[in-house]
Amino acid sequence: MLEWIKNWFFSLVGVDLIVEAMNEGRAIPAQAYLQLVFSLVTLVIGVLTAYRGIYLIIGLFAPARKYKPQPMDKRYAFVLSARNEEKVIGNLIDSIRAQDYPQELIDIYVIADNCDPDDKTAGIAAAKGCKVMVRNDPTKQRKGYALQMFFNQLKETVGIDAYYGYAFLDSDNVMAPSFLRKINDAMQEDDLMTCTGYRNVKNLNQNWITAVNGINMYRNSVSVARPRAVVRSKMQLINGTGFVLSYRVLEKDGWDCLSICEDGELSAKLAVSGAKMGFCEEAEYYDEQPSSLRISMRQRMRWTKGCLVNWVGGGWRIFCSFFRKPTWQKYDGYWDFFPFALFSFTWSLLYQIASLILFLCVGDNGYNWGNFGTFVVSMLVTQYMTGFLTGIVVEIREWKKVHFNLFEAIIYLFVWPFYDMIGILLNILCLFVPVTWKPIPHESIASGAELYEAEQAKGQKKNKKKDGQIKNENA
């Protein structure tokens, strides 16, 4: 057993070929040094990010953090940037009006951004009592530009400090009736600069595409958002929608995040500034996932490109800021931006290619063509099995919130691992393919209250079954 542990450790740190050559009295081959360099870099990154494994354990087993009720006396503005969203914008507005927060303290702003001439988004919003702003600028067709215009105008009229917080949602979203009330509790209790709600999916069981996209959302909550809230971390990653931003963040410069993924840019900006960021699991909202593979891939391509852009820009800002003034928030935030999937694949592939080149140049170096084939097979199998096991634990942990039945859950488990495997290809592809923002069509209509009630009923059914088993065991 000790011999096995020793050999495993030598292989882990990349010195097994060196030790073997020294024991046999041979010259240390060049392959051994190559292996040492690649193994040490991998080991260092593994050690630096090992804490994320602890996060996962916390996310799986720790209960969600709950916040104490706070006075409902703060004014909030819902800011909705919408392009050709006439099918769903009314649904979202109704969801806001169904919030169990004093409606006189809620204003709704709709930015009809570059809508088609025959689109009715602006008209529907106005008819439902929203404050509508129309924007037409085909040269700047991203949410960031629309929000910049909005806050510039707001600053000149009522003032940024007219509201305690600004809630950002996409047009396809709906919310549980308690969403704003719960966010308000968290914002006041911890004096947060931003707070994100729990992201669920309203069309989760429409098909396998919406299902696997939904499982990815659940994984993010389990592996990062929940554990950070439990350990009172100041870091949270904003995911585009379902969050509230304090007026203090916007009071000086307004909205200045204009990249293809403005949410990541904002997250990096807040992390560098030391702003306290929160996550409130009880504040639940639902979005619509693309049901078309083509549209889903287009959306993921934009996300992937945006994440890489934000890592180069935002990640570098956090990295430099950390060395000027180290904080856990910056350290943790940097690894949020780090492209793990791209690094793992390219680093492993680079090692195999370098080994092959060395083999072709110097001959027998302990490596051959069979090693490369083994690498490809083992990489695919490992990636699939890791995804499969992750899917199991995520579905079990989030079962009360999942909107599909047991049979569907099992079927989707076998499909889900391909989500990350495709993600690796998208990471590589977006390096060479230009990516531009394009609107995602939405058409799913659902009631946030009904979706939330269905979850509660599912949870109560599970609890009743558990109580019944306990009674039978006691009898």
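Numbers below:
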item: FRET efficiency estimate (nearest 0.05) - Cβ-Cβ, Asp73 to Phe432, R0 56 angstrom; result: 0.60
item: Leu192 - accessible surface, heavy atoms, 1.4 Å probe, Å² rounded to 10; result: 0
item: Rounded tilt (10° steps) of 448-474 against the dominant C-alpha axis of the chain; result: 60
item: Helix-only mean residue ellipticity at 222 nm for the chain, each DSSP H run of n ≥ 4 adding -39500 (n - 2.57), per residue, nearest 500; result: -17500 deg cm²/dmol
item: Angle in degrees between helix 369-397 and the longest Cα principal axis of the chain, rounded to the nearest 10; result: 40
item: Mean separation of Cα contacts under 8 Å (6+ apart) over length of the chain, as relative contact order %; result: 19
item: Per residue accessible area in Å² of the chain, where ligands, DNA and RNA are left out and the probe is 1.4 Å; result: 48
item: Net charge of Cβ neighbours under 12 Å - reference Phe323; Lys, Arg +1; Asp, Glu -1; result: +4
item: For the chain, with +1 on Lys and Arg beta carbons and -1 on Asp and Glu, the positive-most of Cys307, Leu350, Val224 along the dipole; result: Val224
item: The range 203-295, Cα convex hull volume normalised per residue, Å³; result: 114
item: Point-charge dipole on Cβ atoms (K/R +1, D/E -1) for the chain, about Cα centre, debye to 20; result: 580
item: Rounded to the nearest 10 Å², the accessible area of Ser292 at probe 1.4 Å; result: 40
item: Contact order normalised by residue count of the range 255-349, Cα under 8 Å, 6+ apart, percent; result: 34
item: Pair-distance profile P(r), taking every C-alpha pair of the range 66-128, with 5 angstrom steps and integer %; result: 4, 16, 26, 20, 13, 10, 6, 4, 1, 0
item: Length-normalised contact order of the range 169-221 in % [C-alpha pairs under 8 Å, at least 6 apart]; result: 23
item: Accessible area of the chain belonging to carbon and sulfur atoms, whole % at 1.4 Å probe; result: 62
item: Area accessible to solvent at Leu80, 1.4 Å probe radius, in Å²; result: 0
item: Relative compactness, the chain, computed as alpha-carbon Rg over 2.2 N^0.38 Å; result: 1.09
item: Dipole magnitude of the range 218-320, debye to nearest 20 (Cβ charges: Lys/Arg +1, Asp/Glu -1, about Cα centre); result: 420
item: Using alpha-carbon coordinates, inclination of helix 208-220 to the longest axis of the chain, degrees; result: 80
item: Approximate spin-label separation Tyr33-Trp328, in nm, with each point projected 7 Å along Cα-to-Cβ; result: 4.2
item: Magnitude of the charge dipole, the range 1-150, Cβ model with Lys/Arg +1 and Asp/Glu -1, debye to 20; result: 480
item: Local electrostatic count, Ala211, Cβ distance below 12 Å [Lys/Arg +1, Asp/Glu -1]; result: -2
item: Residues Leu48 and Asp191, FRET efficiency given R0 of 45 Å [Cβ-Cβ distance, rounded to 0.05]; result: 0.90
item: Exposure ranking of Leu43, Leu342 by accessible area [1.4 Å probe, largest first]; result: Leu43, Leu342
item: Cut-off 15 Å (backbone N to label point 7 Å along Cα→Cβ of Glu156), residues of the range 221-260; result: 254-255
item: Highest average packing first - 211-224, 46-59, 411-424, Cβ atoms within 10 Å; result: 211-224, 411-424, 46-59
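The values are calculated or read from the model by the stated rules, or taken from the named source; none is laboratory data. Keep in mind that this is a model prediction, so the values were computed, not measured. Here Cβ is always computed from backbone atoms with ideal geometry, including for glycine, and neighbour counts include all displayed protein chains. Just so you know, the surface numbers come from the protein's heavy atoms only, side chains and all, with ligands and any DNA or RNA stripped out. Shrake-Rupley method; radii C 1.70, N 1.55, O 1.52, S 1.80 Å.
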